[in-house]
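Note sheet for the following structure.
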Amino acid sequence: MADNELEIVDQGAKKKKLMMLIALVVVLAGAGGGYFFFMGSDTPAASAEVTAEGGAAGDGTPVVQGTALYVQLPRPFVFNVAGLSRDRLVQIRVQLMVRGSANQALALKNIPLIESALLATFSSANADELISATGKEELKNKALIDLQNAMLDVVGSVVIAEVLFTGFVMQ
């Protein structure tokens with residue numbers, strides 16, 4: 001080949017190889033992310049459970065035991081509450097957060113007790129208090145305490161870690 005002749009380089013082939021390499025990296029990263037997402041992490045923090053007792057030193061710090069699980073109550077709670085100007089109809093959908101599968105099984109086994117305790121707490125509320133976010137939060141806290149006491153009396157342990165309102169309608 002002479003010095004003054006041009007050499008033609010196929011730029012299209014280089015771009016194809018580069019695009020294939022980028023696509024391969026994206027697919028591998030997606031597969032790794034999908035594996036991590038579906039299989040979860042095996043670190044202790046991902047499967048932490050907190051008990052009601054204090055830490056090893058008794059200083060009030062949580063003790064790690066298992067995972068948080070949720071129990072959805074089968075029906076919404078529908079009840080009347082008194083207010084200063086008028087009575088109101090309230091509907092609340094509730095889920096319970098429990099710690100560990102043993103507590104989940106206990107909660108599912110005691111649904112009638114749970115529903116009874118929650119209905120008694122909810123129906124003792126005041127409509128004027130339930131209008132505000134603070135009033136709803138106070139009702140959730142009272143429901144948690146009442147429910148934990150009821151479960152403690154029957155089962156011998158607290159069982160429920162949190163009461164969650166997943167729907168709240170007041171008319």
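The values are calculated or read from the model by the stated rules, or taken from the named source; none is laboratory data. Note that this is a predicted model, so its numbers are computed, not measured. Backbone-built Cβ (ideal geometry, glycine too); neighbour counts: all protein chains shown. Surface areas here come from the heavy atoms of the whole protein model, side chains and all, with no ligands, DNA or RNA. Shrake-Rupley method; radii C 1.70, N 1.55, O 1.52, S 1.80 Å.
Pairs are defined by a Cβ separation below 7 Å, a sequence spacing of at least 6 or placement on different chains, a first member in region 78-94 that is within 12 Å of Leu118 (Cβ to Cβ), and a second member that is in a loop (DSSP other than H, G, I, E, B) and not acidic (Asp, Glu); the pairs so defined are Ile92/Pro76; Arg93/Pro76; Val94/Leu73. Selection within region 154-171: residues that are in a strand (DSSP E or B) and among the small types (Gly, Ala, Ser). The member of this set that is farthest from Ala127 (Cα to Cα) is Ala161. Output the residues belonging to region 155-171 that are exposed (fewer than 14 other Cβ atoms within 10 Å of the Cβ), of a type in the set (Val, Ile, Thr) and within 15 Å of Ala107 (Cβ to Cβ). Answer for region 155-171, where residues must be exposed (fewer than 14 other Cβ atoms within 10 Å of the Cβ), of a type in the set (Val, Ile, Thr) and within 15 Å of Ala107 (Cβ to Cβ): there is none.
Yes or no, residue by residue, for (1) open to solvent by 50 Å² or more (accessible area, probe 1.4 Å); (2) modelled with pLDDT of 70 or more; (3) in a helix (DSSP H, G or I):
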residue	(1), (2), (3)
Gly12	no, yes, yes
Leu18	yes, yes, yes
Gly32	no, no, yes
Asn80	yes, yes, no
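Matching residues to (1) touching a strand residue (DSSP E or B) at 6+ places or on another chain (Cβ under 7 Å); (2) modelled with pLDDT of 95 or more; (3) more than 24 Å from Gln171 (Cβ to Cβ); (4) not aliphatic (A, V, I, L, M):
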residue: Ala45; (1), (2), (3), (4): no, no, yes, no
residue: Gly55; (1), (2), (3), (4): no, no, yes, yes
residue: Gln95; (1), (2), (3), (4): yes, yes, no, yes
residue: Ala102; (1), (2), (3), (4): no, no, yes, no
residue: Ala143; (1), (2), (3), (4): yes, yes, no, no
